[in-house]
Amino acid sequence: MPKSWIATLMLLFNVLVVFGAQAHTAKTNHADVNLWSAPGREYSERIGKIEKNEEVEVLSTRVLKSGQRWLKIRVRRSPGWRHHGYTGWVDAKFFRSINSPSNEDASTEAVSQSSCVECLNQQTPGLKKYSSAAGTFSQLANSKGIQSGEFIWPVTGVIKSGFGMRRHPILGVTKLHDGTDIAGNKGKAVHASKSGIIISSRGGCQTGYKRCNGGSGNMLIIDHGDGTQTKYLHLSSSCPITRVGTRVDQGDTVACVGSTGASTGPHLHFSVSIDGKYINPLKVLPRRNI
Amino acid sequence: MSLEILKMPFVILLSFFILIPQSSEAEIDTEIQVKIKDECINVGHSRKPIMKELELVCACVARSHFDSALKEPLESQGASDLVWVLKYYEKRDSKEASDFSKTNLILFEYDLDVVQSCLEEVRGK
């Protein structure tokens, strides 16, 4: 074999090693680990399976309130693995890191802390209580390069209830409302706020059954491929709900306003998340006059 | 063949009699609406400042939960929901109510929507 060939092969090998080392990859020894549309299982849907010893690329990490660690991964199975449909979430306990950047621990911790609004309230004493969601958004959005106006209103209507902490006026109990409730007549078209792919679609709920789909009723989640996702809850059962895997353009009708699940009347619960962390939708939606 | 057809009305009638007693097994206590309203008013009076429209809001809250329970596909589910709401409004301490709210997050969030809708209704928004 000529020396020039050997040199070329060695160079190629080095390039592969260097580029391979930059990606954070993980493997599982378990057979058939489920791939979910979102971290945790409250609003997520099983979208596939990871095979035993399959190597996956880790995109980000999220630690849930329960302490469970979830990984956002990209499956490298086929030549088309860059397709949005091949990203999803897995329970970290099934995976071991096989190739991680030197600062893995630090970066993971940073993502974990910023993934929870309530955690931020606790961990950052300088922040005013309950205002951290809006306060940290600009930092997060800027780092993602998200501009106000990239998203559109999924439905026109009066805002019934905004994003943030809600306090029970009689009992005083508080709870984070992770989206914006927009009032709308039953059957009114719901539009995709931004182009993307449907990663979760659940129907089958009729009005009146509060527990259906964990209170969310008929619902949709769109992954926009840049770390952002939008979620649409309480959708009507009388209109078709776009199926999982469908690619949608901004403005496409994906469902209709309804009152399924735990809902007191027809409205759309609209949520926006960046890397699994809910943000105030009004921060990314264009200003409007209703 | 003709004998089979003749049997059909009897089968339908028989299944009707079998199903009727089952559907009336779980019952919603009609008094519970009044109890929820009373507990809501009591807990509202124990907090400062007392809401001006407390009695109207509490009547609306109790009515909304009761109507919603009647719409549940299973009557037993509606009945247990109302019992949970009653227990929730029996809590006099915010911390106690907060802890109890975690036992049923769906109903807890639904109740927040109900109270908000009732406030809007009473205040004429």
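The values are calculated or read from the model by the stated rules, or taken from the named source; none is laboratory data. As the structure is a prediction and not an experimental result, all values here were calculated from the model. Cβ placement follows ideal geometry from the backbone for every residue including glycine, while neighbour counts extend to all protein chains displayed.
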In the set A:G225, A:G214, A:G196, A:G204, which member is more than 29 Å from B:K71 (Cβ to Cβ), of a type outside the set (A, V, I, L, M) and surrounded by fewer than 18 Cβ atoms within 10 Å (Cβ to Cβ)?
-> A:G225
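Residues are listed down the side, and each one gets a yes or a no for (1) outside any loop (DSSP other than H, G, I, E, B); (2) modelled with pLDDT under 95; (3) of a type in the set (K, R); (4) under 23 Å from the mean Cα position of the chain (by Cα):
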site	(1), (2), (3), (4)
B:K7	yes, yes, yes, no
B:L14	yes, yes, no, no
B:L19	yes, yes, no, no
B:A26	no, yes, no, yes
B:D29	no, yes, no, yes
B:K35	yes, no, yes, yes
B:R47	no, yes, yes, no
B:C58	yes, no, no, yes
The stretch A:174-192: number of residues that are within 13 Å of another protein chain (Cβ to nearest Cβ) and basic (K, R) | 1
Tell me which residues, restricted to the stretch B:54-83, are buried (at least 17 other Cβ atoms within 10 Å of the Cβ) and not small (G, A, S).
-> B:L54, B:V57, B:C58, B:C60, B:V61, B:H65, B:F66, B:E72, B:D81, B:L82
Quick check: anything in the stretch A:176-187 modelled with pLDDT under 90 and acidic (D, E)?
-> no
Going through the stretch B:82-99 in order, the residues found to be facing chain A (nearest Cβ under 9 Å) and either modelled with pLDDT of 95 or more or in a loop (DSSP other than H, G, I, E, B) (or both) are B:Y88, B:Y89, B:K91
Among strands (runs of 3 or more DSSP E) lying entirely in the stretch A:1-79, which contain 3 or more residues that are at pLDDT 75 or above?
-> A:25-28, A:33-36, A:55-63, A:69-75
Does the stretch A:153-173 hold any residues that are in contact with a Ser or Thr (Cβ under 8 Å, 6 or more places away or on another chain), within 8 Å of chain B (Cβ to nearest Cβ) and part of a loop (DSSP other than H, G, I, E, B), and which are they?
-> A:H168, A:L171, A:G172, A:V173
Could you please tell me which pairs satisfy a Cβ distance under 8 Å, a separation of 6+ or placement on different chains, a first residue in the stretch B:31-45 that is more than 14 Å from every other protein chain (Cβ to nearest Cβ), and a second residue that is among the basic types (K, R)?
-> B:Q33/B:R63
Identify the single condition in (1) more than 7 Å from chain A (Cβ to nearest Cβ); (2) touching a residue at least 12 places away in the same chain (Cβ under 8 Å); (3) closer than 18 Å to A:S263 by Cβ that B:L105 does not satisfy, given that it satisfies every other one.
-> (2)
Within the stretch B:86-97, is even one residue surrounded by 15 or more Cβ atoms within 10 Å (Cβ to Cβ) and in contact (Cβ under 8 Å) with a residue 60 or more places away in the chain?
-> no
